[in-house]
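Participant: Sharing a structure, written as structure tokens. Questions coming.
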Amino acid sequence: MEKGPFSVEWLAQSSHGGARSIAAAPCLPPGATSGRENAAKRSDPGREAEAGAGTGRPRTKFSAAQLQELERSFREQRYIGASEKRRLAAVLNLSQSQIKTWFQNRRMKFKRQTQDAR
């Protein structure tokens, strides 16, 4: 049985020179890029705008009412508990993950504001 290009045996052989050298001729799947190409993309700030911000879910646009309730809850308590997270998610029609992320981002914003004030 022939071993594929990404099998453990193939990798072991290639690291010892039994197969072709990875450094000389990298074998990447279609559409993949090397580490150097990825580094070049990360270092170019204009590149992100051209290719889009990312492949994850789009940025959530919170309504004024949602922000008002989130800010009120944040003023009461900086860290949200599981029950409060579930309640807010149901009331605001958001996912618990969105609530958690909003609180994380808001704490970082609060931290920057307090450090700038000093």
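Participant: Restricting attention to the range 92-118, report how many residues are surrounded by 12 or more Cβ atoms within 10 Å (Cβ to Cβ) and over 24 Å from residue 56 (Cα atoms).
Facilitator: Count: 1.
Participant: How many of the residues in the range 73-82 are surrounded by 10 or more Cβ atoms within 10 Å (Cβ to Cβ) and without any contact (Cβ under 8 Å) to a residue 12 or more places away in the chain?
Facilitator: Count: 1.
Participant: Filter the range 54-96 for residues that are more than 21 Å from the chain's Cα centre (by Cα) and outside any helix (DSSP H, G or I); which is farthest from residue 111 (Cα to Cα)?
Facilitator: 93
FYI, it's all coordinate maths here, none of it is from the lab. A quick note: this is a predicted structure, and the numbers were derived from the prediction, not measured. Quick reminder, even Gly has a Cβ in these numbers, built from the backbone with ideal geometry, and neighbours come from all protein chains shown.
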